[in-house]
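Right, one structure below, let's go through it.
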Amino acid sequence: MSSVPSTAVQHMTDSDRLTLVLIARIPLADVADFAAYEDAVLPLLDAYGGRLERRLRSDDGTVELHVVSFPSRHAFEQYRKDPLRIRHAHRLEASGATLELSEMSDVF
């Protein structure tokens, strides 16, 4: 449950969402392991109000970029603690991917 009062949630706009950019660099030999991890965990986003706004991949699959948003930091933290996501963490480790996660804001 979110600690945000229900009246605040009703007034929350898309610009209030927490937006994150993930850049993953994956060794060529381990692209399949990374894909298996992503296939297992990306469907969990919806349960936490998360949205995969954009997903980009290099032609050889060794670099992947995700733009993801959540309704709050709390929702993102809950997603990261999801038991199924944790259960599949070994796939991410097996992929040898290095990850860079940055919180971003819209620039108008």
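The values are calculated or read from the model by the stated rules, or taken from the named source; none is laboratory data. The shown structure was predicted, so the numbers you read here are calculated from the model rather than taken from an experiment. Neighbour counts are summed over all protein chains in view; Cβ atoms, including those assigned to glycine, are modelled from backbone coordinates with ideal geometry.
List of remarks:
- Enumeration of residues in region 1-29 that are modelled with pLDDT of 95 or more and surrounded by 12 or more Cβ atoms within 10 Å (Cβ to Cβ): Leu18, Thr19, Leu20, Val21, Leu22, Ile23, Ala24, Arg25, Ile26, Pro27
- When the residues of region 93-103 are filtered to those that are under 16 Å from Leu65 (Cβ atoms) and over 13 Å from the mean Cα position of the chain (by Cα), the one that is modelled with the lowest pLDDT is Ser95.
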